[in-house]
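Heads up, the thing below is written out as structure tokens.
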Amino acid sequence: MNYPKELIRRYYSTHYKDIIPQTLEGWNWALERIELNFGDIFSSMSKESAILDIGCGVGYLEDYLLKKGFTKIDALDFSEEQIQIARQKLKKYHPEFYKKVQFIVADAFEYLSKIRNSYDLIAMIDFIEHLSKGKIIKILKLSFNTLSKGGFLILRTINGDNPIFPSFFYRDFTHETPLTSASLKQCLNITGFEIVRISYELMPREKSFSKKFKQFTRELIFRIIEKLFGVPYKGFAKDLVAVARKK
């Protein structure tokens with residue numbers, strides 16, 4: 001991150017609030033995305049597992065984890081503004097969340113450099129695309145050192161394999177590095193992780209008629225492009241998701 005820190009401190013009010021769902025239906029849709037892509041990993045873990053969410057944003061993952069019964073959750077973000085929103089959301093849905101979630105306003109690199117072998121899972125949801133190439137490798141190495149043996153790393157990032165990825169990537173001024181499935185694999189391998197899977201993100205089915213129609217139309221267009229140009233249909237997913245493990 002080489003841009004002014006003010007861009008991150010005020011990330012929610014200057015950008016993020018305009019692109020995330022603002023309704024309860026939208027919030028639950030975001031939780032369903034987590035379940036579809038990472039639910040099997042969380043289901044395999046003890047509810048006492050120590051979890052760190054780097055770049056926690058407005059608290060989607062924290063809400064999901066609390067609903068799943070997890071009790072040791074650290075949520076880190078450089079933006080105090082975003083953490084305040086997350087606190088408000090969790091207070092609404094989980095009045096006693098503070099007993100299970102510790103919010104931390106800090107720089108992820110500084111925080112990780114001070115601890116080792118402490119977490120059973122580290123999450124980076126929509127985070128690493130905000131970093132330079134060198135810092136992506138650095139944050140992955142620090143995360144590896146911070147995980148306990150057998151611990152998981154889960155992450156989601158914009159899908160650089162998607163032929164139209166610039167429409168997602170460049171709408172955010174703070175995005176720095178797009179990754180493809182191949183380059184993400186390369187980064188995880190070089191930093192010592194055992195890759196469990198790298199895949200195109202699964203998305204929840206839309207429920208309203210208008211959204212269902214848009215989703216159907218979009219998928220039909222992608223199917224036609226697949227037939228005409230050989231571009232894999234699944235490659236049009238907006239995001240990549242990955243699960244890796246510390247051996």
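No lab work stands behind these numbers, since they all come straight from the coordinates. Just so it is clear, the model here is predicted, and its values are computed rather than measured. Heads up, the Cβs are rebuilt from the backbone with ideal geometry, glycines too, and the neighbour counts pull from every protein chain shown.
Hey, what number do you get for the chain at 222 nm if only DSSP H runs of n ≥ 4 count, each worth -39500 (n - 2.57), divided across all residues, to the nearest 500? Walk me through the intermediate numbers first.
Numbers: 10 runs with 104 residues, N = 247.
Estimated from H runs of four or more residues: -12500 deg cm²/dmol.
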Margin query: Please list, in order, the residues from the stretch 151-182 whose amide nitrogen is less than 15 Å from a point placed 7 Å along the Cα→Cβ vector of residue 7.
Written below: 169-178
Notebook entry, point to check: So what's the net charge close to residue 177: Lys and Arg +1, Asp and Glu -1, counting the other residues with Cβ under 14 Å from its Cβ?
Noted result: -1
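How about the stretch 58-123: which GluC sites (Glu not before Pro) there lie in a loop by DSSP and see at most 10 other Cβ atoms within 10 Å?
Working: sites: 62, 80, 81, 96, 110; in loops: 96.
Passing sites in the stretch 58-123 are 96.
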Next item on the list: Report the net charge of residues surrounding residue 47, where surrounding means a beta-carbon distance below 15 angstrom and charges are Lys +1, Arg +1, Asp -1, Glu -1.
Entry: +2
Item checked: Separation of the residue 170 and residue 148 label points, Cα + 7 Å toward Cβ, nm -> 4.6 nm
Checklist line | Sorted largest first, extent of the chain alpha carbons per principal axis (Å) | finding: 52, 41, 40
Note to self: For the pair residue 114/residue 17, report the inter-label distance in nm, with labels modelled 7 Å from Cα in the Cβ direction.
What the structure shows: 3.0 nm
